[in-house]
Amino acid sequence: MPASGQKGVLLVLLGMFVLCGAIGIVVFWPGESPKPVEPSVPTSGQPGAAPSQVSDPSLPLPTGDDPAPPSRVQVSAAPGAATSSATVEVTVEQLLGQRRQRLPQVELALRCGPVAVRARTDGSGQATFTLPIVGRQPARLWCGLGGGGDIVLDPASPLRTTLVVTPKVVVQGRVVDAAGNGVADAVVLLLPWTDPDGEPPAPWRVGRSDRDGSFTLGLGQGGRVGAWHATLGPSGMFLVRAGTGGDVPVVPLQLVLLSTAAQVHGIVRSHDDTPVADAEL
């Protein structure tokens, strides 16, 4: 082959080598990883569970035995203060259609002046508060499932009252472990939208799972539902919306308990995706 022909072939081969190298640099050169797109929770829409089922960070509940309040709560008077006290016995019931049923293992709270205490209903759906007061005093009683009202405490007359929860959404769920097995006797929790005292909402114990891990809750308000177990730890919490206009949606939900500790990182954002400072977690 003439020298000029060999030179042409070499130039072609050199050009192809340079082109392949450039393509390799474009394809394999490390760059910034794409940011994952997180599923969004709609700010409006149909009641019930959010379609994306986005989990909140796990609940910061202690391990060991369930630290729930007892069914009978007695507050002692301060030294030198009045020794008279008033007692109120509360029965918590749920009204579904024309059927009423008592609700065991449900937290409720009583506030009288600066004193605020919580109790949990026993197996018969009842709880008792005893508070030191002087004379008749107004008080506020409310339930973690939603609902409550004003009462009057009187040391001369024990009060018996019934707190009726009218569900605005029904949650039919199951608590399971990481392998998908039903977990019995797990505490079911509700983080409501608002707190009657205007404080940041805290989780309320609103029930327990059955032998197969199943549970059914009628909620009088929307919020986020989760579970906690003394051995397996907490689950995530999931958004549940209350019905409107008399509609009571039924929401299926599966709560998976964490078997090991988890660490969660994130950013608190407003409805327009702006980062929010000083939000309480």
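Hey, can you rank 247-255, 225-233 by average C-beta count inside 10 Å, highest first?
Working: 247-255: 16.9, 225-233: 22.0.
Packing order, densest peptide first, comes out as 225-233, 247-255.
With a 1.4 Å probe and all protein chains left in place, how much accessible area per residue does segment 69-212 have, in Å²?
Values: 7130 Å² over 144 residues.
Dividing the accessible area of segment 69-212 by its residue count gives 49 Å².
Report the full-extension gain for the segment Arg160 to His265: residue separation times 0.36 nm, less the Cα-Cα distance, to one decimal in nm. Please list the in-between numbers first.
Values: separation 105, 0.36 × 105 = 37.80 nm, distance 4.70 nm.
This chain segment gains 33.1 nm when fully extended.
Rounded if a/c is under 1.5, else prolate if a/b beats b/c, else oblate: with a ≥ b ≥ c from the C-alpha gyration tensor eigenvalues square-rooted, which is segment 127-221?
Cα axes put segment 127-221 in the prolate bin.
Based on Cβ point charges of +1 for Lys and Arg and -1 for Asp and Glu, what charge dipole magnitude is obtained for segment 126-265 about its Cα centre, in debye rounded to the nearest 20? Write down the numbers at each step before the final one.
On the way: 10 positive and 10 negative charges, 25 e Å.
Roughly 120 debye, rounded to the nearest 20.
Is segment 219-281 best put as rounded, prolate or oblate by its Cα gyration tensor, with a ≥ b ≥ c the root eigenvalues, rounded for a/c under 1.5, and otherwise prolate when a/b is larger than b/c, oblate when not? Don't jump to the answer; show the numbers that get you there.
Working: a/c = 2.80, a/b = 1.08, b/c = 2.58.
Oblate, because a/c is 1.5 or more while a/b does not exceed b/c.
What is the packing order of peptides 214-221, 148-155, taking the mean over residues of other C-beta atoms within 10 Å and listing the highest first?
On the way: 214-221: 20.1, 148-155: 16.1.
Order by mean packing, descending: 214-221, 148-155.
Using a Förster distance of 51 Å, how high is the FRET efficiency between Ser124 and Asp247, based on the Cβ-Cβ distance and rounded to 0.05? Numbers along the way, then the final one.
Working: r = 31 Å, r/R0 = 0.61.
Rounded to the nearest 0.05, the efficiency is 0.95.
Can you pull the percent of segment 132-281's accessible area that's carbon plus sulfur, 1.4 Å probe, other chains left in place?
Numbers: 3910 of 7860 Å².
Looking at segment 132-281 in its full context, I get 50 percent from C and S.
The values are calculated or read from the model by the stated rules, or taken from the named source; none is laboratory data. Just so it is clear, the model here is predicted, and its values are computed rather than measured. In this analysis, Cβ positions are derived from the backbone assuming ideal geometry, glycine residues included, and neighbour counts consider all displayed protein chains. For accessibility, only protein heavy atoms count, side chains too; no ligands or nucleic acids. Shrake-Rupley method; radii C 1.70, N 1.55, O 1.52, S 1.80 Å.
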